Amino acid sequence: MSVEASARTRQVVQELLRRIGAGDPDRIGELYAEEVDWELDWPEAEHGRAATPWIRRRSSRADAVANYREIAEHHVPGEVGTEIERILVDGNDAVVTGEIRQTARSTGRAYRARFALHLTVENGLVTRNHVYEDSLAVAQAFDGAAVGPGD
């Protein structure tokens with residue numbers, strides 16, 4: 001892959017991360033293509049549960065916007081943080097690794113979840129968004145009966 005393609009991909013990914021950090025779903029959505037290959041590494045039977053409705057397949061820019069709205073609605077504002085550890089870029093593909101820290105609004109439980117995000121950028125827009133995260137940590141935070149370390 002060309003150095004130019006990698007540089008363009010890195011620029012879009014960094015802007016996407018900046019917009020996610022700013023928390024404006026509509027501005028985030030501007031960086032997604034009209035059609036998006038969106039996957040989450042969660043058991044299919046757990047997709048779209050009432051406590052975690054954002055965890056499901058998506059396929060469009062509008063879906064991407066809805067995803068970020070739903071995440072915001074189900075977490076406590078101000079009790080959020082993300083640490084980006086690496087951004088690895090190869091042509092049109094990028095992998096972002098790190099850790100998110102959030103608090104579930106419904107239970108008040110804080111959690112940390114490690115993640116890897118595989119993005120593909122074409123013509124300046126994200127066309128692939130595959131998320132691999134610690135689904136157990138997220139699920140336990142939203143399960144009022146779950147008990148974790150230190151509880």
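Under the condition of being surrounded by fewer than 16 Cβ atoms within 10 Å (Cβ to Cβ) and farther than 25 Å from residue 6 by Cα, which residue from region 81-104 is modelled with the highest pLDDT?
101
Out of 32, 111, which single residue is over 17 Å from residue 125 (Cα atoms), at pLDDT 95 or above and surrounded by 18 or more Cβ atoms within 10 Å (Cβ to Cβ)?
111
Can you confirm whether residue 6 is under 16 Å from the mean Cα position of the chain (by Cα) and at pLDDT 95 or above?
So residue 6 fails the test.
Within region 115-132, which residues are within 11 Å of the chain's Cα centre (by Cα) and either within 15 Å of residue 58 (Cβ to Cβ) or open to solvent by 50 Å² or more (accessible area, probe 1.4 Å) (or both)?
Within region 115-132, 117, 118, 119, 129, 130, 131, 132 meet the criteria.
If you go through region 8-29 one residue at a time, how many are closer than 19 Å to residue 70 by Cβ, among the charged types (D, E, K, R) and loosely packed, with under 13 Cβ neighbours inside 10 Å?
1
Condition first: open to solvent by 30 Å² or more (accessible area, probe 1.4 Å), free of Cβ contacts under 8 Å to residues at least 24 places away in the same chain and part of a loop (DSSP other than H, G, I, E, B). Now tell me which residues in region 54-76 satisfy that.
If the condition is that a residue be open to solvent by 30 Å² or more (accessible area, probe 1.4 Å), free of Cβ contacts under 8 Å to residues at least 24 places away in the same chain and part of a loop (DSSP other than H, G, I, E, B), then 56, 57 are the ones that fit.
Let me confirm something: among 79, 34, which residue is over 26 Å from residue 142 (Cα atoms) and touching a residue at least 12 places away in the same chain (Cβ under 8 Å)?
So the residue among 79, 34 that is over 26 Å from residue 142 (Cα atoms) and touching a residue at least 12 places away in the same chain (Cβ under 8 Å) is 34.
The values are calculated or read from the model by the stated rules, or taken from the named source; none is laboratory data. This structure is a prediction, so every number in the text was calculated from the model and none was measured. Cβ: placed from backbone, ideal geometry, glycine included. Neighbour counts: every protein chain shown. Surface accessibility is based on the protein's heavy atoms, side chains included, excluding ligands, DNA and RNA. Shrake-Rupley method; radii C 1.70, N 1.55, O 1.52, S 1.80 Å.
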